[in-house]
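Since the structure comes first, as C-alpha cells, the remarks are kept for the end.
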Amino acid sequence: MRAAVVRTFGGPEAVEIVDAELPEPAARQVRIKVAAATLNPVDAGVRSGVFGGAGKQIGLGWDVAGTVDAVGVATAWTVGEEVVALDYGMVKPLGTHAEYVVVDADAVALAPASVDAVHAATLPLNALTAAQALELLDLAPGRSLLVTGGAGAVGGYAVQLAVRRGVEVAALVRAQDEEFVRSLGATRFAGGQGSFDAVLDAAVLGSEALALVRDGGVYVGVIPQAQPAPERGIRTDAVEVSPDGARLAELARSVDAGELTLRVAGTYALDDAAKAHARLAESGVRGRVVLVP
C-alpha cells in the first residue's frame, strides 16, 4: 500500500508518499480500507518535529473513515461495515494517511449514514476532543461557557455539544465568523474580565482566556500539560483526547440527527498530501482538509 510519512522534519515539502507493507490486524484490532482521512494541525506539528522522532519514519493522520477490510480475533466488527475511527499517536511508523490502517476495535464506530466518507472523516479527532473537554468542564445546565476559536473544528463542535447540554454558550471569533457560530447556537460573543463560569480555550489563548473566567470557575485547554497555572480559585486543566468508540458512536448518531455540522475545506488525493499540508498552513481555512486515497 501507499502511505504519507515524514523521514526528515520541515515544511509541506517534507511529506513523502512511500510504499509500505499491508498491515495485519492482531487480536481485538481491525483493518480499515481508507476512504478518507482528515489532515489536522497536529499533523503539521508532527511533520515539523514538535513531537520528536528524529531519524524515524513517522506516519501522519489520526482520523479515518472507510470500510472494515479484515478483523483480528475477539472483535465484533464485520468485514464490509462502514466505519470511522481515531488512530491515536504522535510518533508511529504509519497513520491514517494511507490506503489501509489497523486500529484497535474499541476505537471504531459505525460511520454516520447521512454523510459521505469525506465529511465523516472530519468527526473523530475534533469532535472527541470537544466532547472530552466538555466532560472535564462538567458544567450544569444554565452555566455560562466561553469557547475561544468557536469557528474552528474543535470549537465548532464544542459550541454545538454544549448548547445541547443546556449550557449558555458564548464564542470568541472573528467578526466574519459570528453569523456562522450563531447558527451553531452561540448566544453572545466574548465578554469582559471574569464574565464566564468556564472557558474552553480552543484557540490556545492561555492567560488571556483565563482572565475571562470568574473566580472559582474552570479553564480547559486543548494542549495537554500546557494550561495556565490556577489563580483566583479557578481550576485549570487540559484535554488529552483518547480513542473511545462508544462515545464516537454517539457523536455519529448526533450527525445523523442533524445536531452536529461537519465542514470540509477541500479534498486532495493522497499523492498530493504535500499540497494539502500547504493548504492547511493558509490563514482563514474553515473546515478540515481531507485526503482521499
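The values are calculated or read from the model by the stated rules, or taken from the named source; none is laboratory data. No experiment lies behind these values; they were computed from the predicted model shown. Don't worry about glycine lacking a Cβ; one is built from the backbone with ideal geometry, like all the others, and counts go over all protein chains shown. The area values use the complete protein model at the heavy-atom level, side chains included, leaving out ligands, DNA and RNA. Shrake-Rupley method; radii C 1.70, N 1.55, O 1.52, S 1.80 Å.
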Selection within segment 190-217 - polar (S, T, N, Q) and loosely packed, with under 15 Cβ neighbours inside 10 Å: Gln193, Ser207
Leading residue by the ranking (farthest from Thr187 (Cα to Cα)) among those in segment 150-174 that are open to solvent by 20 Å² or more (accessible area, probe 1.4 Å), at pLDDT below 95 and assigned to a loop (DSSP other than H, G, I, E, B): Gly152
Subset of segment 203-226 that is free of Cβ contacts under 8 Å to residues at least 60 places away in the same chain and of a type in the set (Gly, Ala, Ser) - its residue that is nearest to Gly149 (Cα to Cα): Ala203
Of all residues making up segment 1-53, the number that are among the β-branched types (Val, Ile, Thr), in contact (Cβ under 8 Å) with a residue 40 or more places away in the chain and in a strand (DSSP E or B): 8
Filtered residues of segment 89-120 (kept if of a type in the set (Ser, Thr, Tyr) and open to solvent by less than 30 Å² (accessible area, probe 1.4 Å)): Thr96
Cβ pairs under 7 Å, 6+ apart, first in segment 70-89 and farther than 12 Å from Val108 by Cα and touching a residue at least 40 places away in the same chain (Cβ under 8 Å), second open to solvent by 10 Å² or more (accessible area, probe 1.4 Å) and not in a loop (DSSP other than H, G, I, E, B): Ala70/Arg31; Gly72/Gln29
Unmet criterion (only one of (1) assigned to a loop (DSSP other than H, G, I, E, B); (2) farther than 17 Å from Arg288 by Cα; (3) in contact with a strand residue (DSSP E or B) (Cβ under 6 Å, 6 or more places away or on another chain)) for Ser114: (3)
Thr78, sole failed condition from (1) farther than 21 Å from Val292 by Cβ; (2) out of contact with any strand residue (DSSP E or B) (no Cβ under 9 Å at 6 or more places or on another chain); (3) β-branched (Val, Ile, Thr): (2)
For Val241: the one exception among (1) outside any loop (DSSP other than H, G, I, E, B); (2) touching a helix residue (DSSP H, G or I) at 6+ places or on another chain (Cβ under 7 Å); (3) closer than 17 Å to Leu60 by Cβ: (1)
Segment 148-187, subset closer than 16 Å to Val220 by Cβ and hydroxyl-bearing (Ser, Thr, Tyr), residue farthest from the chain's Cα centre (by Cα): Thr148
Among the candidates Val102, Val79, Val108, Val91, residue that is touching a helix residue (DSSP H, G or I) at 6+ places or on another chain (Cβ under 6 Å) and either farther than 13 Å from Ala37 by Cα or of a type in the set (Ser, Thr, Tyr) (or both): Val108
Filter result for Val220 (modelled with pLDDT under 95, surrounded by 14 or more Cβ atoms within 10 Å (Cβ to Cβ), over 14 Å from the mean Cα position of the chain (by Cα) and within 22 Å of Ala186 (Cβ to Cβ)): no
Test: residue in segment 69-88 that is within 30 Å of Gly284 (Cβ to Cβ), in a loop (DSSP other than H, G, I, E, B) and open to solvent by 10 Å² or more (accessible area, probe 1.4 Å): yes
